[in-house]
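Trainee: Mind having a look at this structure? Questions to follow.
Quick note: the coordinates plus some simple rules give every number you see, no bench work behind them. This is a predicted model, so every value here is computed, not measured. A quick note on method: Cβ atoms are made from the backbone with ideal geometry, for glycine too, and the neighbour counts reach across all protein chains shown.
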Amino acid sequence: MGASGRGGRGRWALVGLAAYGAIVVVILVAPISYSQIVNAVAEQLSRWFGLSWFGSGWIEFAANILMFVPLGFLLALLIRPYWAGVGVALLVSAGAELVQMIIPSRVASLRDILANVAGAAVGAGLAWLLVVRRDGGRAPGGARGSR
């Protein structure tokens, strides 16, 4: 399905996806050791709030969820049925993990794929609650889409 004829929402979602994609590509290919950042955040949480049990693995998991919420949200605005974007997010996530296998400072992980898909599902759910449901499940052209 193309974005033409989808009105403002489709164009807005495509612009949002382009911006999101550019940011994610920079994050994925940057030769930065994210483990140092994650460990620093875990240390601060432990120091400030006594959350010693909330280690760096949980922070990385939460960050991966948050990173994919916008993708799920935007794809739900573009693709019908709205939840199909979660499948697209799975493919994107698996591709990103494959790319990370060739970057020396990065580590691919099935756990990351799980977190990414969970984030996309949250985003798709938010889009459904805030936009799709409000529009009665209609595709942007006025026809009723799958729910």
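Trainee: Take PHE61, PHE49, PHE73 and order them by how many other Cβ atoms sit within 10 Å, fewest up front. The partial results should precede the final answer.
Mentor: Values: PHE61 18, PHE49 9, PHE73 26.
Ascending Cβ contact count within 10 Å gives the list PHE49, PHE61, PHE73.
Trainee: Between ARG11 and VAL107, what FRET efficiency follows from the Cβ-Cβ distance if R0 is 41 Å, with the result rounded to 0.05?
Mentor: Taking R0 as 41 Å, the efficiency between ARG11 and VAL107 is 0.65.
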